[in-house]
1. With every protein chain present, what is the per residue accessible area of the range 62-106 (1.4 Å probe, Å²)?
2. Compute from the Cα atoms of the range 60-154 the Rg and the Dmax, the latter being the longest Cα-Cα distance, and quote both in angstrom.
3. Amide H of Glu99 versus every other amide H placed in the peptide plane: which residues, excluding those fewer than 5 positions away on the same chain, fall under 5 Å?
4. Could you give me the ³J(HN,Hα) list for the range 132-137, computed from phi with Karplus coefficients 6.51, -1.76, 1.60 and θ = phi - 60°, whole Hz, x at Gly and Pro?
5. Using 1/(1 + (r/R0)^6) with R0 = 30 angstrom and r between the beta carbons of Arg64 and Arg101, what's the FRET efficiency to the nearest 0.05?
6. In the range 70-154, carbon and sulfur make up what percent of the accessible area (probe 1.4 Å)?
7. So which chymotrypsin sites (Phe, Trp or Tyr not before Pro) in the range 36-142 pass both tests, a DSSP loop state and at most 11 other Cβ atoms within 10 Å of the Cβ?
8. Can you give me the relative contact order of the range 42-154 as a percent, contacts being Cα pairs under 8 Å and 6 or more apart?
Amino acid sequence: MISSLPQLYRAVAAGAIGAGMASIADAATRPIVQIGPPEIILFGAAVPIWSALFGLVGVLLARRVAPATAAGAALGPVGNAALTGLLALGVIALIVAGEKRPIVALGWSIGLGYSGLGFIELVARSVVAGAKLVMDAFIEVAARIAAGKRGDGK
């Protein structure tokens with residue numbers, strides 16, 4: 001029989017700690033139960049299910065909260081759905097390429113879903129500027145050739 005408060009504390013702590021240690025030891029010897037396969041094979045590549053699921057959910061939710069832009073309005077609903085699908089494929093490609101942890105896949109997908117259209121606009125502007133630079137140089141060289149001048153100053 002427990003007659004004092006310190007004995008009561010010791011009895012409760014020993015029971016709680018002892019039970020905790022016993023359950024940890026028991027958990028270490030039991031096999032882990034998995035629900036479904038950890039990966040699926042998609043077009044010959046192993047895709048982790050939880051990472052892919054977190055990635056897709058992250059892209060979809062981030063696209064919903066992304067700020068509205070003129071380019072997004074110009075795309076219309078079909079274009080926005082296509083962009084979301086493209087960004088989801090990009091996240092799956094990142095997951096297959098090496099990032100297998102679900103929380104990191106979620107972070108990548110939120111970032112890509114939220115700023116994906118802005119990133120695509122930035123790349124498009126850079127490509128257009130580069131193409132304009134190449135075309136201007138080509139036109140200048142063609143004009144010099146047509147005028148009978150060489151490009152080396154002779």
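The values are calculated or read from the model by the stated rules, or taken from the named source; none is laboratory data. A quick note: this is a predicted structure, and the numbers were derived from the prediction, not measured. Positions of Cβ are generated from backbone atoms using ideal geometry, with glycine treated the same way; all protein chains shown enter the neighbour counts. Accessible surface areas use protein heavy atoms only, side chains included; no ligands, DNA or RNA. Shrake-Rupley method; radii C 1.70, N 1.55, O 1.52, S 1.80 Å.
1. Result: 59 Å² of accessible area for each residue.
2. 20.8, 64
3. Amide H to amide H, under 5 Å and 5 or more residues apart or across chains, Glu99 pairs with nothing.
4. Along the range 132-137, the couplings run 5, 4, 5, 5, 5, 5 Hz.
5. Working: r = 24 Å, r/R0 = 0.80.
Between Arg64 and Arg101 the formula returns 0.80.
6. Numbers: 4390 of 5860 Å².
Percent of accessible area from carbon and sulfur atoms in the range 70-154: 75.
7. Sparse-neighbourhood loop chymotrypsin sites (Phe, Trp or Tyr not before Pro): Phe43.
8. Details: 88 pairs, mean separation 41.1, N = 113.
Reported as a whole number, the value is 36 percent.
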